[in-house]
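The values are calculated or read from the model by the stated rules, or taken from the named source; none is laboratory data. As the structure is a prediction and not an experimental result, all values here were calculated from the model. Virtual Cβ from ideal backbone geometry, glycine too; neighbours counted across all protein chains shown. Side chains included, ligands, DNA and RNA excluded: accessible areas come from the protein's heavy atoms. Shrake-Rupley method; radii C 1.70, N 1.55, O 1.52, S 1.80 Å.
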Amino acid sequence: MRKAGETTFQIRFKRDFLLNKYLYLMMVPVLAYYFVFHYAPMYGALIAFKEYTPNKGILGSSWVGFQHFNDFFSSYYFWRILKNTVIISLYSLCFEFPAPIILAILINELTNKRFQRFVQTVTYMPYFISLIVIAGMIKDFTNNGGLINNFLTYFGFNDTAMLQKPELFRTIYILSEIWQKIGWESIIYLAALMGIDQEQYEAAKMDGANRIKQIWHITLPGILPTIAIMFILRMGNLLNVGFEKIILLYNPSTYDTADVISSFVYRKGLIEFGWSYSSAVGLFNSVINLALLIAANKISKRISENSLW
């Protein structure tokens, strides 16, 4: 039996809605955006379990169950694209993820404000360059006679078309990702650094702590919650290696090390018109990402008490 005076969820919601009706009104466009562009398209995932043909539509196409998943798991390409996706994702996690943290800490340590702003501007700029232009620059720089090739020849390396070498593709991809995103992704860590109490640094200086010890004992613990949240979000997209840059840089001679799940879905779905098959591959990728997100959230909650939910 409900106790006297106990408020139900409906009563509390109605009271909160009346108090914050304008805030709820501001939420409507955001909810509409997520519904139209994120939740409604999930209906299309049904074609992963059907033999989809455009003239019959999604509901009219015949059911095939898990046939497309079985075809994918037993195909020659499964292990190749899964291996490439995992390796590139792990490279990204090991090298690209900590890079903006290190940059933010280094910028924070600069005492010359004018030089600090110069470094920030220079590192932010590549993020705003079109991906098409970025890919063109990478191709020119790594081609025969390109800027990077000319630089490496001074150290005895051969002048070669680097993007034609399968063993160099992942290195070029990760380095270009760091170059393009390191400045932009450092902004959130710089914002977190601004929130650290400066009196802690003063106390550490009085105790004789040098800059390295201050970074280790004050700066890193101060931004650890932000690092944990960004790590969880990164884990949720671990297998979502962006296909745009991949398809702009790779070629058939580098498929063995460059072809990933997203580029495979692009080729099968949009070039070879295998809509159902590519949807099954994409759905498999999303399920793995969801599992990784939940696992990372649980681990982070247990270790650092920081989590998304």
- line: All-but-one check, Leu131 against (1) farther than 30 Å from Ile229 by Cα; (2) touching an Asp or Glu at 6+ places or on another chain (Cβ under 7 Å), failing number (1)
query: Hey, does the range 31-48 have a residue that's among the hydroxyl-bearing types (Ser, Thr, Tyr), under 23 Å from Gly274 (Cβ atoms), more than 23 Å from the chain's Cα centre (by Cα) and surrounded by 14 or more Cβ atoms within 10 Å (Cβ to Cβ)?
result: no
query: Going by the structure shown, is Met206 out of contact with any strand residue (DSSP E or B) (no Cβ under 8 Å at 6 or more places or on another chain) and crowded, with 17+ Cβ neighbours inside 10 Å?
result: no
query: Counting only residues that are open to solvent by 40 Å² or more (accessible area, probe 1.4 Å) and out of contact with any Gly (no Cβ under 9 Å at 6 or more places or on another chain), how many does the range 215-259 have?
result: 20
Residue among Ile215, Ile227, Ile288 that alone is under 18 Å from the mean Cα position of the chain (by Cα) and over 24 Å from His68 (Cβ atoms): Ile227
message: Restricting to the range 82-119, name every residue that is of a type in the set (Val, Ile, Thr) and in a helix (DSSP H, G or I).
response: Thr85, Val86, Ile87, Ile88, Ile101, Ile102, Ile105, Ile107, Val119
field: Within the range 263-275, tally of residues that are surrounded by 21 or more Cβ atoms within 10 Å (Cβ to Cβ) and either touching a Cys at 6+ places or on another chain (Cβ under 6 Å) or of a type outside the set (Phe, Trp, Tyr) (or both)
entry: 3
- prompt: For Asp159, all conditions in the list (1) farther than 16 Å from Leu249 by Cβ; (2) in contact (Cβ under 8 Å) with a residue 60 or more places away in the chain hold save one; what is the number of the exception?
  reply: (2)
query: What pairs can you find where one residue is in the range 109-128 and open to solvent by less than 90 Å² (accessible area, probe 1.4 Å), the other is not in a helix (DSSP H, G or I), and their Cβ atoms are less than 9 Å apart, with a gap of 6+ or different chains?
result: Gln116/Leu110; Val119/Leu110
- line: Considering only helices (runs of 4 or more DSSP H) wholly within the range 1-81, the ones with at least 3 residues that are in contact (Cβ under 8 Å) with a residue 12 or more places away in the chain are 67-73
